[in-house]
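The values are calculated or read from the model by the stated rules, or taken from the named source; none is laboratory data. What you see is a predicted model; the values in this text were computed from it and never measured. Glycine gets a Cβ as well: all are built from the backbone with ideal geometry, and neighbour counts include every protein chain shown.
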Number of protein chains: 2
Amino acid sequence: MSVDTQDAGEDHLIRPVQRPVPLRQAVYESMVELVVSGGLSPGEHLVETDLARQLGVSRQPVREALHRLQAEGWVDLRPNQGAFVHEPTDHEVDQLLDVRELLEMETARLAAKSASAGAVARLRAICRAGEAAVTDGDTDRFIAVNNEFHAALAEVAGNAVLAQLGQIVSRRVRWYYRLVAPRREHDSCAEHMELIDAIKAGDADRAAAAARAHTERTRTAYHRPDGAPMTLGRPVRPAPA
Amino acid sequence: MSVDTQDAGEDHLIRPVQRPVPLRQAVYESMVELVVSGGLSPGEHLVETDLARQLGVSRQPVREALHRLQAEGWVDLRPNQGAFVHEPTDHEVDQLLDVRELLEMETARLAAKSASAGAVARLRAICRAGEAAVTDGDTDRFIAVNNEFHAALAEVAGNAVLAQLGQIVSRRVRWYYRLVAPRREHDSCAEHMELIDAIKAGDADRAAAAARAHTERTRTAYHRPDGAPMTLGRPVRPAPA
DNA sequence: TGGGTGTATTTTGGATACAATGGACTGTGA
DNA sequence: TCACAGTCCATTGTATCCAAAATACACCCA
């Protein structure tokens, strides 16, 4: 690892030394992974010392990762009590879905206005990879590919701010959704294909409608037939430790 | 400058808070204040040690505050180089304005659908306070009231997620705007009043249009008459330290 | 003179140490 | 049995310490 520090002038022949990623970055990513994959339950108390030991690092990078997780809504930090995995309420999930709908409709519109043939092909390839993951029953892989799809879509849309907000919101939606709702990976892929078609046609309104339909079906799947939301069982009150 | 969390009797730049608040919170707030008020210039290197000394705390809370500032787009953290005040590009500001427009139109729509007479009165009172601040030429106070107005509006709209995203985006827009654009506080107040009228009438579309007009006029003010954006003088390349 | 090199200084990244807070527990008294 | 007080302990908040990385700069040699 301790590579030459002096002759960094020629970076053409030598593989560019991959910059050592700060520990907090690695910790952040593995913790998001943990939360999203269900390795941590809502309300769970995240003890810095334990996390540090499990990850083999000191408390410092763990704390910094926790702060970032809070900024993105994954955990709640209570003063002098530490971090708790965020407990979503049905009300909040509804709000998140509303915002996701707003952001994804706009993303779809922008993408439809500017997508090149190459971009459409790339989206389609990712979507197919998602279908393959569904066929294999590989949920984790599906989720990864799904994230990739939305990232690619955001890139096509060309608004980095929109992309960043969309990613944060969408990942949270998918997390909650995964906690309570029935699987609908297959439908999801079909809906994505519909969206791609609209983008290929350059039809912004149709693309937006497809994005809206996608979110609306998610919302429907999330609610019980009688209209009541499938609940995580938690009212709005603050949770006990 | 020194940061007090509760009752240190020195001269305060930030107002003392009642509950024991973690130092990083106080540090975070005073640093946002610093950036927004123009006390720190884009591209400026924020040396943790210096900040810690200036604020009268150790490096630890400073570092944690910096991470939060990064999450909200105020600073950029480069590995092994530390924090730099974010340098907005014209392109980025345009994207931010697009997103702000999207979020505020939706906020306005929701507010129009659900606003009570009391809420309208409250909004109007805040707006009048803003006009008073303009009359007094008190820009800082105007900014504070403006933030208050948008917070109240978001509360009326009733979507906390939308409110949070909107606040982050809007504050950054206002910061950039303040860096380069001519003052238009007075127009801003008039536009807010227009929005309030639409909300009072319960007319969602008209409210959304008012919100859009508000953002569009901001964008216009931000661009030079010949159509070119007023630039901060920085192209898109990464800035030198 | 100029390009490259070695060294010193600055600054960050991470680890450890210490202080302070809050919850849990236990024991006592009615 | 229950309420309450006092104590203890787990855990967080803050400070300090050390090592690695980056920059700055003087130096050397062609």
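A compact table of results
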{"item": "Members of region B:51-64 that are in a helix (DSSP H, G or I) and more than 7 Å from DNA strand C (Cβ to nearest atom)", "result": "B:Leu51, B:Ala52, B:Arg53, B:Gln54, B:Leu55, B:Pro61, B:Val62, B:Glu64"}
{"item": "Verdict on B:Ala211 being more than 16 Å from DNA strand D (Cβ to nearest atom), under 28 Å from A:Ala71 (Cβ atoms) and modelled with pLDDT of 95 or more", "result": "yes"}
{"item": "Residue under evaluation A:Gln60, criteria (1) more than 9 Å from chain B (Cβ to nearest Cβ); (2) over 20 Å from the mean Cα position of the chain (by Cα); (3) surrounded by fewer than 22 Cβ atoms within 10 Å (Cβ to Cβ), criterion not met", "result": "(1)"}
{"item": "Criterion (within 9 Å of chain A (Cβ to nearest Cβ), on the phi < 0 side of the Ramachandran plot and within 13 Å of DNA strand D (Cβ to nearest atom)) met by exactly one of B:Arg68, B:Arg53", "result": "B:Arg68"}
{"item": "Residue ID - nearest to B:Arg217 (Cα to Cα), chosen from residues in region B:75-98 that are within 16 Å of DNA strand C (Cβ to nearest atom) and out of contact with any helix residue (DSSP H, G or I) (no Cβ under 9 Å at 6 or more places or on another chain)", "result": "B:Phe84"}
{"item": "Residue list for region A:149-192, restricted to those being at the interface with chain B (Cβ under 10 Å from one of its Cβ atoms), under 22 Å from A:Leu34 (Cβ atoms) and of a type in the set (Gly, Ala, Ser)", "result": "none"}
{"item": "Some residue of region B:36-45 being crowded, with 22+ Cβ neighbours inside 10 Å and outside the structural domain of B:Leu162 (by TED's automatic domain parsing)", "result": "no"}
{"item": "Residues being within 10 Å of DNA strand C (Cβ to nearest atom) and either within 13 Å of another protein chain (Cβ to nearest Cβ) or at pLDDT below 90 (or both) - total across region A:34-50", "result": "1"}
{"item": "Residue within region B:70-91 that is of a type in the set (Ser, Thr, Tyr) and over 27 Å from A:Leu110 (Cα atoms) present", "result": "no"}
{"item": "Selection count, region B:71-110, where residues are within 16 Å of DNA strand D (Cβ to nearest atom) and among the small types (Gly, Ala, Ser)", "result": "2"}
{"item": "Every residue from region A:72-107 that is in a loop (DSSP other than H, G, I, E, B) and more than 10 Å from chain B (Cβ to nearest Cβ)", "result": "A:Trp74, A:Gln81, A:His86, A:Glu87, A:Pro88, A:Thr89"}
{"item": "Scope region A:21-50; condition within 12 Å of DNA strand D (Cβ to nearest atom), part of a loop (DSSP other than H, G, I, E, B) and under 22 Å from B:Arg68 (Cβ atoms); matching residues", "result": "A:Val21, A:Pro22, A:Val47"}
{"item": "Any pair with Cβ under 9 angstrom, 6 or more apart, that starts in region A:183-210 at a residue that is on the phi > 0 side of the Ramachandran plot and ends at one that is outside any helix (DSSP H, G or I)", "result": "A:Gly202/A:Ala115"}
{"item": "Odd one out for B:His67 among (1) away from DNA strand C (no atom under 12 Å from the Cβ); (2) under 19 Å from the mean Cα position of the chain (by Cα)", "result": "(1)"}
{"item": "Sole residue being assigned by TED's automatic domain parsing to the domain that holds A:Tyr177 and more than 15 Å from DNA strand C (Cβ to nearest atom), chosen from A:Glu72, A:Glu106", "result": "A:Glu106"}
{"item": "Top-ranked residue in region A:216-233 [being of a type in the set (D, E, K, R) and within 23 Å of the chain's Cα centre (by Cα); ranked as modelled with the lowest pLDDT]", "result": "A:Arg219"}
{"item": "Close pairs from region B:81-99: first touching a residue at least 60 places away in the same chain (Cβ under 8 Å), partner assigned to a strand (DSSP E or B) and within 16 Å of DNA strand D (Cβ to nearest atom), Cβ under 7 Å, at least 6 apart", "result": "B:Phe84/B:His45; B:Phe84/B:Leu46; B:Phe84/B:Asp76; B:Phe84/B:Arg78"}
{"item": "Checklist (1) within 17 Å of the chain's Cα centre (by Cα); (2) closer than 18 Å to B:Gly166 by Cβ applied to A:His86, failing item", "result": "(2)"}
